[in-house]
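Below is one structure, written out as structure tokens, with a few remarks after it.
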Amino acid sequence: MTWENYYMPLTTGEAIELLVEKQGKARIIAGGTDLMVQHRSDPLNVRALIDIGRIPGLKEIREDSRRIYIGASVTHSQIVNSALLKKKGRVLVEAARTVGAPQIRNVGTVGGNVVNAQPAADTAIALTALDARIHILSGDGEFEKPVIDTFLGPGKSCIDPSKELVTAFSYSIPGPGERSCFARLARRESLALPIVNLGLWLCLEEDDHILKDIRIAVGPMSTVPFRARETEALLKGVLLDKAVIEKAGRSISDEVTPRDSFRGSADFKKQMIGVILKRSLESALEGKGVDSDEREQ
Amino acid sequence: MKFSNLGKETPILDGLEKVTGRARYVPDLKVEGMLHGRILRSPYPHARLKKVDISKAERISGVRDIITGKKVSQHKFGPMVPDWVILPDDKVRFHGDEVAAVAATSEESAAEALSLIEVEYEVLPAVFDPELAMAEEAPLLYEEKENNIATTFYVHKGDVDKALAGSEIVFEETYQTNQVYQAYMETMAAVAAPGDYERLTMWLSTQIPSMSRLRYAEALEICAEDLRIIKPHVGGGFGAKFEYKAHILAAVLARRTGSPVRMVNNREEDFRAGNPRVPMKIWIKLGLAKDGTLLAKDTRIIAGNGARTVYAPAITSTACYRIDSLYKFKNVRSTGYTVYTNTIPTSCFRGFGNAQMHFAMESALDTICHQYNLDPIKIRQQNGVTPGFTSIHGWEIKSCALKECLDKAVEESNWYDKKKEPAEKSPVKKGIGVAICNHVSGNRPFFKPFDGSSALVRLTPEGKAIVFTGEADIGQGMNTAFALIAAEAVGLDVKNVRTAAVDTDISPFGLGSFATRGTTIGGRAVYEAAVNLKKQLLEHLARVYEKKIEQITINEGQIYFDDQEDPITVAKAIQTISYTLGGTSLVGHGVFVPETVLPDENKYGNVSPAYPFGCHIAEVEVDTETGRARLLNYWAVHDVGRVINKQTLEGQVEGGVMMGAGWALGEDMVVKEGKLLNPNFHDYCLPTAMDTPRGRIYSYFLESGDPNGPFGAKGIGEPSLNPVPAAIANAVFDAVGVRVKNLPITPEKILEGLASA
Ligand SMILES: Cc1cc2nc3c(=O)[nH]c(=O)nc-3n(C[C@H](O)[C@H](O)[C@H](O)COP(=O)(O)OP(=O)(O)OC[C@H]3O[C@@H](n4cnc5c(N)ncnc54)[C@H](O)[C@@H]3O)c2cc1C
């Protein structure tokens, strides 16, 4: 069976009305780069598709006095080219830049990436490192929660795209000493899902290398995007030097529990996640390739 | 020599229609009343067909015919070994083997019918590794083939054992090359349509229009004359597009239904049942004098044939002995087994076995140089063949700029300076590696009756020339090369010359695109036809304009008389001539049959009219923490005899290098229990534009002027790939001291090598 109707609502309100009206027999579609691939092997059982690409508010990147907001149907290309995010969300920019190829980045969206809930979805990893919140609209109203809480398992999100609409993601504007960066390894330079990927956010004490706070998000190291909390704890409050960085690399290799897969064996992934954490911390230390609000000004 | 058309960068003449999407390929064809064919493929690597029940499938509306092994003739045929049937009625032998075929009015009906065919399989023990398949206890694919060996090749010249015993350096190693996919843009495709006079027309995406016509006539048990093959634009082949089962099934369904039938592989079936590269395990033993002189070579190859024979036996024999004519060997021995396994049938892929052996030989030489402190450049110059040399197998090397290729590559890459650079302090290390290559331009034993070509060049009353050939342009730019050759030989502007699509009702018989033979053999026939046309043209000009032939010159479409200031155009003159001849076109006819011979029982005999050579130098960087190797720069120098079209030569070299780099650094058909795990472009990792060298691929062409090639030209298609995996493997070794002997060179293998160092 295939859908009978394809709707292109102009407001979030219309989109929700349609979802409610179709009683679970409609599905949100954004760029379709995941949904259409899945439909081929496992046909969707819906009567209607609701394309959210024409809703202006969902395509905005903006900030208020405290937070940065990224609309759910912002494309990866939009993120890559956003002057605001280049300054205040480098981990996200660097993650979006690695997604697929230009054609995929031009249509694929951050909302789709998160709702699709793959354990190594690149922008989902970056948003997890940023401790972002997800903003959701349903027939019952509006609510929000941490992005990380939406991931239930491989390809499983707590968000039901036949009932709920993600409207945006938000995170706090980085303050002094905050930096972020993204790293991944893949089988080739473009158009490849990651063997491992990593989003790093950290906050350094002013004028030295003592880590006030740190978040490390990695994939595919578990059934969902994974926060390496043991390694984070090890690093919190310590002076970031070469020896500590080495230790962090070993720690994360021990902490994660990846699986053997087509893209690499579990052992290989464990080893590689250590390497890219080390390199990310090193570049954070040097202030290279890393987001930092102060530096950019 | 000064040329008006050759040696330039001429964009392919059909480039515009291709980049604008107007060019029509077989899958684009829509023939009135056309049915859609689909193939049911086996989900088991080895199984007896107990029952194939089509009763439910037949009831689907739109289904016009369903064939199974029980409904078609069971006579055997095949390109090399008669182990093909149209559809089997006894058993299937690989995961993807054809079980049944459907023709329906829509693709959807055909797909639905496929899903309703009920097959009862009795799963049989299967074997996937060629070496294991040779073991006594291995299950047999064909009862009559002992130890699953399809064919054995053996050659021995000189006295290898004695030479090895007398060698100061003896080196022995085993290398493995994996199975990779050609990844042409257009998948395998055919449209077959019944026509007048009870004939059948087939539009094929093929490299061999005339040969497939012979083979398909045999398969269909009809006279070849009743089969018309048309080859429109073809979206790449790289060796895969030879005889193909789906083409035959389209023809059978078309004949049974009386309707045109379209059969186009989807990408997944093309992966699962195409004609991928022959995987090989190569044991090699080399004997050398202390100074690096090669004294003996002994090899033993076990090659994977897959579940039925396409061209793997010829590929194995090529791997066994073609490289013996790259070096001045005096003692060589080689045994090659082509072995059946329950896997995808394997076949030609750019390099034809020679590429596999180049990986082994050129890697081995590199290791020997490292171990015995010999210079990898000098050892190749010292042992490489030279002009006028006749190799141990009787191959007559006429033109050869191998030494100059090495010199040029060394100079352009700054080889010796780079070799002296100290190792990097960072975890990312640089390295540089060299490999050389030879190949053929034509291969006499490939088609037993002959190797050669013929062509027609027709000059129309409008002053345009059309080249008719049976050789197949499959995207490589051969049609443009032929137009350039004809234009140069007659004295026309290439803008007014084109090459017609192959249509066996009109075109001469042509063996097709393989063995890097198109430009050399096909091009020489075009040259002869053009020369013949020019002779006719001059005679008619002399007659009509009342001049002596010596008074006439033709250049770039202009005709000059020595007693007349202003030239006249060919267009004007030919119209005048044509009208005196009842409106005829002038037709030049050309034939080229090189003086090559079928090798005798000891494989002695010159197989090719010309031999191309080349030298590649790869520069890589290897990340010692992640194990990833990346290309930095690449220098490819080729002896092409003569540059016909610089642009397509560069295209072939850049394509060949990247195709080889993909193979060397990651491409792999991952098979588990006979099932291909990565039949798509997501998991089968071809290099992308982003994976090309950080710096550049530099290509250089040396012109040794071969006496047999048109204007001296030799081929480029396969030599551009042959040395690549070895050059990269050698560069990786230079960077980090890790020798990867089994392709591909993955990060895991490099890390493993580093860890055990
Ligand atoms: C060739 C290729 C390469 C790829 N490479 C990568 C890669 O390198 N890294 C990577 O992370 N991903 C990659 N992807 C996956 C994909 O492109 C991304 O996950 C993309 O961000 C999905 O976004 P989309 O807008 O296309 O989602 P869709 O396909 O439109 O939707 C995906 C899912 O999310 C739901 N959904 C979408 N938007 C909303 C919303 N606002 N509210 C509620 N539900 C919603 C849909 O119903 C569906 O279930 C690749 C895909 C392809 C085809």
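The values are calculated or read from the model by the stated rules, or taken from the named source; none is laboratory data. Remember, predicted model here, so these are calculated numbers, not experimental data. No Cβ is skipped: glycine too gets one built from the backbone with ideal geometry, and neighbour counts run over all protein chains shown. The accessibility values were calculated without ligands, DNA or RNA, using every heavy atom of the protein model including side chains. Shrake-Rupley method; radii C 1.70, N 1.55, O 1.52, S 1.80 Å.
Taken together, A:Gly177, A:Gly139 contain a single residue that is on the phi < 0 side of the Ramachandran plot, at pLDDT below 95 and not basic (Lys, Arg), which is A:Gly139.
Among the residues making up the stretch A:68-90, those that are part of a helix (DSSP H, G or I), of a type in the set (A, V, I, L, M) and either open to solvent by 10 Å² or more (accessible area, probe 1.4 Å) or more than 14 Å from the ligand (Cβ to nearest atom) (or both) are A:Val80, A:Ala83, A:Leu84, A:Leu85.
Here's a check for you: in the stretch B:14-38, which residue that is surrounded by fewer than 19 Cβ atoms within 10 Å (Cβ to Cβ) and either in contact with a helix residue (DSSP H, G or I) (Cβ under 9 Å, 6 or more places away or on another chain) or polar (S, T, N, Q) (or both) is nearest to B:Ala250 (Cα to Cα)? Here the residue is B:Arg24. Looking only at residues of the stretch B:645-666 that are open to solvent by less than 40 Å² (accessible area, probe 1.4 Å) and within 10 Å of another protein chain (Cβ to nearest Cβ), we find that the one that is farthest from B:Val127 (Cα to Cα) is B:Gly662. Are any of the residues in the stretch A:108-127 more than 11 Å from the ligand (Cβ to nearest atom), away from chain B (no Cβ under 14 Å), crowded, with 24+ Cβ neighbours inside 10 Å and part of a helix (DSSP H, G or I)? Checking the stretch A:108-127: at least one residue is more than 11 Å from the ligand (Cβ to nearest atom), away from chain B (no Cβ under 14 Å), crowded, with 24+ Cβ neighbours inside 10 Å and part of a helix (DSSP H, G or I).
Considering only residues in the stretch A:91-107 that are within 10 Å of the ligand (Cβ to nearest atom) and either in the same structural domain as A:Ser190 (by TED's automatic domain parsing) or among the aliphatic types (A, V, I, L, M) (or both), the one that is surrounded by the most Cβ atoms within 10 Å (Cβ to Cβ) turns out to be A:Ala95. Selection of the stretch A:128-171 for residues being open to solvent by 30 Å² or more (accessible area, probe 1.4 Å), small (Gly, Ala, Ser) and either near the ligand (Cβ under 7 Å from one of its atoms) or farther than 19 Å from A:Gly100 by Cβ (or both) yields only A:Gly139. Taking first residues from the stretch A:36-54 that are within 14 Å of chain B (Cβ to nearest Cβ) and partners that are more than 12 Å from the ligand (Cβ to nearest atom) and part of a helix (DSSP H, G or I), no Cβ contact under 7 Å between residues at least 6 apart in sequence or on separate chains turns up.
Can you find a residue that is in a helix (DSSP H, G or I), within 30 Å of B:Gly614 (Cβ to Cβ), assigned by TED's automatic domain parsing to the domain that holds B:Gly588 and under 37 Å from the mean Cα position of the chain (by Cα) anywhere in the stretch B:531-543? Yes - at least one qualifying residue is present in the stretch B:531-543. Quick check on my filter: what residues within the stretch A:231-249 are assigned to a helix (DSSP H, G or I) and surrounded by 14 or more Cβ atoms within 10 Å (Cβ to Cβ)? Across the stretch A:231-249, the qualifying residues are A:Thr231, A:Glu232, A:Leu234, A:Leu235, A:Val244, A:Ile245, A:Lys247, A:Ala248, A:Gly249. For the stretch B:612-624, name all the residues that are buried (at least 20 other Cβ atoms within 10 Å of the Cβ) and not small (Gly, Ala, Ser). Passing the criteria: B:Pro612, B:Phe613, B:Cys615, B:His616, B:Ile617, B:Glu619, B:Val620, B:Glu621, B:Val622, B:Asp623.
Considering the stretch B:39-83, the residues that are closer than 22 Å to B:Arg213 by Cα and open to solvent by 30 Å² or more (accessible area, probe 1.4 Å) include one that is nearest to the chain's Cα centre (by Cα), namely B:Met80.
Output yes when any residue across the stretch A:59-67 is out of contact with any Leu (no Cβ under 7 Å at 6 or more places or on another chain), open to solvent by less than 20 Å² (accessible area, probe 1.4 Å) and either near the ligand (Cβ under 9 Å from one of its atoms) or away from chain B (no Cβ under 14 Å) (or both), and no when none is. Taking every residue of the stretch A:59-67 in turn, none turns out to be out of contact with any Leu (no Cβ under 7 Å at 6 or more places or on another chain), open to solvent by less than 20 Å² (accessible area, probe 1.4 Å) and either near the ligand (Cβ under 9 Å from one of its atoms) or away from chain B (no Cβ under 14 Å) (or both). Evaluation of A:Leu137 against the conditions (1) of a type in the set (A, V, I, L, M); (2) within 14 Å of chain B (Cβ to nearest Cβ); (3) more than 18 Å from A:Gln38 (Cβ to Cβ) shows that the sole unmet condition is (2). Taking (1) out of contact with any Phe, Trp or Tyr (no Cβ under 7 Å at 6 or more places or on another chain); (2) surrounded by fewer than 23 Cβ atoms within 10 Å (Cβ to Cβ) in turn, B:Ser720 satisfies each apart from (2). Among helices (runs of 4 or more DSSP H) entirely within the stretch B:349-416, having at least 1 residues that are within 27 Å of the chain's Cα centre (by Cα), more than 23 Å from B:Gly717 (Cα to Cα) and at pLDDT 95 or above singles out B:354-372. For the stretch A:162-171, the count of residues that are over 30 Å from B:Glu667 (Cα atoms), outside any strand (DSSP E or B) and more than 14 Å from chain B (Cβ to nearest Cβ) is nonzero. In the stretch A:102-157, which residues are among the aromatic types (Phe, Trp, Tyr) and within 22 Å of A:Ile29 (Cβ to Cβ)? Within the stretch A:102-157, just A:Phe151 meets the criteria. Which members of the stretch B:220-242 meet the condition of being over 23 Å from B:Ile315 (Cα atoms) and of a type in the set (A, V, I, L, M, F, W, C)? Residues satisfying the conditions are B:Leu220, B:Ile222, B:Cys223, B:Ala224, B:Leu227, B:Ile229, B:Ile230, B:Val234. Counted as qualifying within the stretch B:1-77 are no strands (runs of 3 or more DSSP E), as none has 3 or more residues that are over 30 Å from B:Val123 (Cβ atoms) and of a type in the set (D, E, K, R).
Suppose we keep only residues that are charged (D, E, K, R) and within 14 Å of chain B (Cβ to nearest Cβ) within the stretch A:172-206. Which one would you say is least open to solvent (accessible area, probe 1.4 Å)? Steps first, please.
Residues of the stretch A:172-206 charged (D, E, K, R): A:178-179, A:184, A:187-189, A:205-206.
Okay, now just the ones that are also within 14 Å of chain B (Cβ to nearest Cβ), so A:184, A:187-189.
Details: A:Arg184: 51, A:Arg187: 67, A:Arg188: 20, A:Glu189: 78 Å².
Filtering first and then ranking leaves A:Arg188.
Comparison of B:Asp683, B:Asp600 shows that the only residue that is more than 14 Å from chain A (Cβ to nearest Cβ), open to solvent by 10 Å² or more (accessible area, probe 1.4 Å), free of Cβ contacts under 8 Å to residues at least 60 places away in the same chain and not in a strand (DSSP E or B) is B:Asp600.
Here B:Phe711 clears all of (1) more than 14 Å from chain A (Cβ to nearest Cβ); (2) over 25 Å from B:Ile617 (Cα atoms); (3) part of a loop (DSSP other than H, G, I, E, B) except the condition numbered (3). The numbered conditions (1) assigned to a helix (DSSP H, G or I); (2) of a type outside the set (D, E, K, R); (3) at pLDDT 95 or above are all true for A:Ala217 except (1). The set of residues in the stretch A:136-154 being farther than 18 Å from A:Ala228 by Cβ and in contact (Cβ under 8 Å) with a residue 40 or more places away in the chain consists of A:Leu137, A:Ser138, A:Gly139, A:Leu152, A:Gly153, A:Pro154.
Pull up the stretch A:1-56, narrow it to residues that are over 19 Å from A:Glu164 (Cβ atoms) and among the hydroxyl-bearing types (Ser, Thr, Tyr), then point me to the one that is farthest from the ligand (Cβ to nearest atom). So the residue we want is A:Thr2.
Set side by side, the residues B:Thr520, B:Thr504, B:Thr460 differ, and just one is closer than 25 Å to B:Lys714 by Cα and in contact (Cβ under 8 Å) with a residue 40 or more places away in the chain, which is B:Thr520.
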